[in-house]
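The next block holds one structure in the form of structure tokens; read it before the comments.
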Amino acid sequence: MNWPAFVLTVRLASLTALILLLLSVPIALWIVFSQRRWKFLAESVIAMPLVLPPTVIGFYLLIAFGRGTALGRWYEHVMGTTMAFTFQGLVIASVLYSLPFAVHPMVSGFRAVDQKLIAAARTLGAGKAKIYWRIVLPLAWPSLITALVLSFAHTVGEFGVVLMVGGNIPGVTRTLSIDIYDQVQALNYASASQTALVLLVFSYFLLCVVYGLNSQRTLFWGSK
Amino acid sequence: MLDVEFQAASGVTVIFGPSGAGKSTILQCLAGLLRPDSGRVSIGGETVFDSSRKINIPAQLRRVGYLFQDLALFPHMTAAENIGFGIRVNGQEKVRRVEEMLERFHISRVAAHRPEEISGGERQRVALARALATEPRLLLLDEPFSALDDSLKRGIMADLKQWLGSTGVPALFVTHDRSEAEALGQRMLLLHEGKIAGSEEF
């Protein structure tokens, strides 16, 4: 087991999941409650990482944050380094790559909140902010946990984007999934198998948390 | 299609008609939950909707109490929290107002319980207290008593009648139950296929 790679992976996934939790709540609220007709365009952008090859996302990120663009020059000015081959670069890439895994569970959670409750809250004088804080988020909190767990797990499992944006620098950008690839390349099957098993068990455990939580959902507040 | 014109004085005006006649739709337009294609709605002299002048005050500013058919109590809040939700003051004053409503509707016993933990009649009273705690200018009742048995219904309607009498707030009461209509209402509008087909005084 490559422990530095393990620590790096957990650090990357935790940071990504936390950023996504904060970022996705307003996005999901907007998707569910906005009346705008063109919001499907934004929804499609958010869902892109589900269908695009990770290498394509990585490629465009490298271009977007390269020295050839204003964004890239601004990033270099603020961070003191270009994005490629850094841990921060990996975090940015992971946030984009796992975005649908955080937004989609929240969208379905928020949508499941009974419209009658929202109507009742409005007649009781509640504006949007109060409805979100006091009604929607408390009733849909299992979907926030699902979003957190899925974006964490998905980040742990990413490979193509990491390789494109981060490369394979020990302690900086070498995550577990890259480490496994390295081990196999070096015909070091015993070590690869050990790491792979850890990821397998870990992924199964996280998915059990997600599905267990969702099957219990009606127990929390009832369905009335 | 719904096309109606009426005025409701203080007291309880019943909107009576078969299901599908557009009774609930009228209430939703008054509360601001639905937007009529055209027309005018005013409450207590204030115009809250006027299609020709492009006025549409949002629901949360209309100060209209709404009692839903399925009550729509917030399942994650206690009875007291439900009642306090719409009260516009904070701190001690809010606590006092919630206690007053709990006592007035005889539900102090269940103040700390969530809706799923209390009986149907108690839920009804919590929903009523929640709608009235905001001191609405108009109360809308959308068949809220249809699920209750007669003795529970009578008790709640008596408390409601007393509250409406003491505050002078007008109420619109949607029902398809003639005995409910006569027990609570002062006058009745008959709704048929989206139009007012007649009216009656009690």
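Remarks
- Here the condition is being touching a residue at least 24 places away in the same chain (Cβ under 8 Å), farther than 29 Å from A:Met83 by Cβ and buried (at least 17 other Cβ atoms within 10 Å of the Cβ); of A:Ala140, A:Ala121, it holds for A:Ala140 alone.
- Count - residues of the stretch B:50-62 that are surrounded by 15 or more Cβ atoms within 10 Å (Cβ to Cβ) and touching a Gly at 6+ places or on another chain (Cβ under 7 Å): 4
To keep it simple, each residue is scored yes or no on (1) aliphatic (A, V, I, L, M); (2) at pLDDT 90 or above.
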position: B:Phe85; (1), (2): no, yes
position: B:Ser119; (1), (2): no, yes
position: B:Ala129; (1), (2): yes, yes
position: B:Ser146; (1), (2): no, no
position: B:His176; (1), (2): no, no
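- Wholly within the stretch A:23-86, helices (runs of 4 or more DSSP H) carrying at least 3 residues that are touching a residue at least 60 places away in the same chain (Cβ under 8 Å), surrounded by 14 or more Cβ atoms within 10 Å (Cβ to Cβ) and of a type outside the set (Asp, Glu): A:54-64
- Sole residue being touching a residue at least 40 places away in the same chain (Cβ under 8 Å), of a type outside the set (Phe, Trp, Tyr) and at negative phi, chosen from B:Ser146, B:Ser151: B:Ser146
- Out of B:Ser179, B:Ser151, B:Ser199, B:Ser166, one residue alone is within 27 Å of A:Gly125 (Cα to Cα) and surrounded by fewer than 22 Cβ atoms within 10 Å (Cβ to Cβ). It is B:Ser166.
- Count of the stretch A:84-127 residues which are on the phi > 0 side of the Ramachandran plot and away from every other protein chain (no Cβ under 14 Å): 1
- Only residues that are within 10 Å of chain A (Cβ to nearest Cβ) and in contact with a Pro (Cβ under 7 Å, 6 or more places away or on another chain) were counted across the stretch B:17-33, and they come to 1.
- For the stretch B:52-73, filtered to residues that are without any contact (Cβ under 8 Å) to a residue 40 or more places away in the chain and assigned to a strand (DSSP E or B), the residue that is farthest from the other protein chains (Cβ to nearest Cβ) is B:Ile55.
- Test: residue in the stretch A:128-135 that is within 12 Å of chain B (Cβ to nearest Cβ), of a type in the set (Gly, Ala, Ser) and within 20 Å of the chain's Cα centre (by Cα): no
- Against the test of being at pLDDT 85 or above, under 22 Å from A:Phe6 (Cα atoms) and loosely packed, with under 11 Cβ neighbours inside 10 Å, the options A:Ala196, A:Ala186 yield a single qualifying residue, A:Ala186.
- Flag for A:Phe152 being more than 14 Å from chain B (Cβ to nearest Cβ) and either farther than 28 Å from A:Arg11 by Cβ or of a type in the set (Lys, Arg) (or both): no
- Of all the numbered requirements in (1) modelled with pLDDT of 90 or more; (2) loosely packed, with under 13 Cβ neighbours inside 10 Å; (3) under 23 Å from B:Ala31 (Cβ atoms), B:Leu190 misses one, and that requirement is (2).
- Residue in the stretch B:97-120 that is hydroxyl-bearing (Ser, Thr, Tyr), under 21 Å from the mean Cα position of the chain (by Cα) and more than 9 Å from chain A (Cβ to nearest Cβ) present: yes
The values are calculated or read from the model by the stated rules, or taken from the named source; none is laboratory data. Just so it is clear, the structure is predicted and the values come from calculations on it, not from any experiment. Ideal geometry is used to build each Cβ from the backbone, glycine not excepted, and the neighbour counts take in all protein chains shown.
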